[in-house]
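The values are calculated or read from the model by the stated rules, or taken from the named source; none is laboratory data. The structure presented is a predicted model; accordingly, all values stated were derived computationally and were not measured. With ideal geometry, Cβ positions are generated from the backbone for all residues, glycine too; neighbour counts draw on all protein chains shown. Remember, those area values only see protein heavy atoms, side chains included, never the ligands or the DNA or RNA. Shrake-Rupley method; radii C 1.70, N 1.55, O 1.52, S 1.80 Å.
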Amino acid sequence: MSKYESEISRRRTFAIISHPDAGKTTLTEKFLLYGGAIAQAGQVKGKKNSRTATSDWMEIEKQRGISVTSSVMQFQYDGYCINILDTPGHQDFSEDTYRTLMAADSAVMVIDAAKGVEAQTRKLFKVCVMRDIPIFTFINKLDRETRNPFELCEEIEKELGIETYPVNWPIGCGKEFQGVYDRNKKSILHFTSNGGAKAATATEVSLGDPNLDGLIGERLHAQLAEDVELLDGASCAFDMERVRHGKLSPVFFGSALTNFGIEPFLEDFLRMTTPPLARTAGEQVIDCMEEDFSAFVFKIQANMNKAHRDRIAFMRVVSGRFDAEKEVYHVQGGKKIRISRPQQLMAAEREIIEEAYAGDIIGVFDPGIFSIGDTLCTPGKKFRFDPIPTFAPEHFSRVRPLDTMKRKQFLKGAEQIAQEGAIQIFKMPYAGMEEVIVGVVGTLQFDVFQYRLKNEYGVDLIMEGLPYEYLRWIETEGEEPAREDELTLPTDAKLVEDYKGNQLLLFSSQWSIQWTADRNKNLTMSEFGGAKF
Ligand code: G4P
């Protein structure tokens, strides 16, 4: 195997999802600790210290660098080069999660063992399923009193509609938590806590060991024997093919805080998850091992450093090797460009890089030329990766600046934030330019929008909620655009335009969509604008 091939095949790129507080940050931190990327716990910042998700986000936003640090990280472990993508825990940002998952090859779902499947887990999980990627489950906080592990697996199966395969099984919980039983090796990993040190001390003992009673106690030994019998009899067979397609989730138990079961989880997970997956570009499938470089933009984040008003485009390298010396072709822009200041994030550090391989995520300084979904490739090639779908907004507000003199900053800010994909903006034909309609998938995004316009652009807003909940694109196919007075619309519908000039209708009920369709026979409405859901 050439160096190039071995570099790519040792890459693993995955996203972590969880309901807030299940332990995603703690688990990530422990991974980094094992990988030697950080020296002690508590270095991965970006942790919230307030109760509500709103102030959470804002707190993080106030420390922009930090939220980025926790959004993509690379570290090395046991010969693997690992890229972890963090996802926002709140469901209002599930579109952001979806885009992040586009860059991942598998996902780790962290679940609090005392709480089981929570509201946000459900929503984020649905987003995961759309991607058809392997989903691994880590059931966390076994050092506390937990729910019955059988019940937890059953809940995952029932609520999320995915089969589970426990790879290991907990022995006791809370103060009695002794370790985990590895079903494949048929042995027990008995843990001894050693405070906040790098790793818990684990002793491997076989299930038949005569000293087991002394180690874990008679009662837990009997319980384990019973559980194992039940598991072997009841749980489905392990089928890697089904894991690959997100139909079967390997389940692991442990405690991120006390380091119990983290290293075995990381090892098994790395063994089971895939090297960089191919991506499609229309008819073509671009494999990671292809020699020519290609990548796509999946996230854009502006003003990470307020002083510099910078904007970073995050891209996933799909194939080949990225070489900072070489020019690349930006397909949507139709231009050859040199990528300036390509960077990668290593735990708390950002560093400028010279090269990256398929599977890696790089952050690139964006002078305002990139959009989400854009393709970059070796000059001479011209394919486009399949677009990243946009979620149709479900909440709308009419927005204008409080101070009309701030119109320019207002429009610039709104457009830039829309380019990041955090919101969608629409204008009303013939209306003044100082007013836009903002559409979002989750209402928390309104707060974020308002906060950012004030903080980053110095604009206070007047926002007025609108009753619309549905959006339909009007398909004109080269004909004259529709005019409001030519359409027969119910009173609760509105004709708007997006910033690409597409026309859309906003409705407040399903009923009005049907009403409009019935009365405007020449009107073709579509639920999906381009690649939209
Ligand atoms: P998140 O990123 O998913 O939102 O969760 P995070 O890791 O921040 O963990 C949420 C809380 O749960 C933290 O406590 C963390 O210490 C705790 N936690 C994580 N893993 C475990 C575990 O295995 N066992 C136990 N007992 N607790 C765990 P906090 O009090 O909110 O924060 P902190 O003051 O400890 O930093």
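Structure notes:
- Annotation note: trypsin sites (Lys or Arg not before Pro) in the range 344-422 located in DSSP loop regions with a Cβ neighbour count of at most 14 within 10 Å are K382.
- Most to least packed among 118-128, 210-220, 319-329 [average Cβ atoms within 10 Å]: 118-128, 319-329, 210-220
- Overall form of the range 368-503 per C-alpha gyration tensor (a/c, 1.5; a/b vs b/c): oblate
- Against the chain, whose longest principal axis is taken from its Cα atoms, helix 24-34 shows a tilt of about 60°.
- Coil-residue GluC sites (Glu not before Pro) of the range 228-314, DSSP, other Cβ within 10 Å capped at 11: E283, E291
- Helical contribution to [θ] at 222 nm, DSSP H n ≥ 4, -39,500 (n - 2.57), averaged over the chain, rounded to 500: -8000 deg cm²/dmol
- When only Cα pairs below 8 angstrom with a gap of at least 6 residues are kept, the range 176-276 shows a relative contact order of 24 percent.
- Cα-based convex hull, the chain, per residue volume (Å³, whole number): 166
- About the centre of its Cα atoms, the chain shows a dipole size close to 1460 debye [charges on the beta carbon of Lys, Arg (+1) and Asp, Glu (-1) only; nearest 20 debye].
- A straight line joining the Cα centroids of the range 140-169 and the range 375-416 runs 40 Å.
- Think of each Lys and Arg Cβ as +1 and each Asp and Glu Cβ as -1; about the Cα centre, that makes the dipole of the range 205-330 roughly 960 debye.
- Among the chymotrypsin sites (Phe, Trp or Tyr not before Pro) within the range 389-492, those in coil by DSSP and having at most 12 neighbouring Cβ atoms inside 10 Å are Y430.
- Selected from I352, F314, T375, residue furthest toward positive end of dipole (the range 313-421; charges at beta carbon): T375
- Split the accessible area of the range 224-270 by element, probe 1.4 Å, and carbon with sulfur accounts for 54%.
- Long-range HN-HN contacts of T87 with modeled amide H, under 5 Å: I16
- Between the amide H of L461 and those of L402, distances stay under 5 Å, these residues lying 5 or more places away or on another chain, with hydrogens modeled in the peptide plane.
- ³J(HN,Hα) computed for each position of the range 231-240 - Karplus, 6.51 cos²θ - 1.76 cosθ + 1.60, integer Hz, glycine/proline x: 4, 5, x, 9, 7, 6, 6, 6, 9, 4
- Looking at the chain, the accessible area is 44 square angstrom per residue; that uses a 1.4 Å probe and ignores ligands, DNA and RNA.
- 18 Å Cα cut-off, lysine pairs counted over the range 90-164 (separation 8 or more, or different chains): 5
- For F293, the residues 5 or more places off, or on other chains, whose built amide H falls under 5 Å of its own are R321, T378.
- Against the criterion of solvent-accessible heavy-atom surface with a 1.4 angstrom probe, H19, H395 sort, most first, into H395, H19.
- Using θ = phi - 60° and Karplus 6.51 cos²θ - 1.76 cosθ + 1.60, couplings along the range 284-299 (whole Hz; Gly, Pro as x): 8, 10, 9, 7, 4, 7, 4, 6, 6, 5, 8, 7, 9, 8, 10, 7
- 3J(HN,Hα) couplings calculated from phi for the range 156-170 with the Karplus curve 6.51 cos²θ - 1.76 cosθ + 1.60 (θ = phi - 60°) are, in sequence order, 4, 4, 6, 7, 9, x, 10, 6, 10, 10, x, 7, 10, 9, x Hz; Gly and Pro show x.
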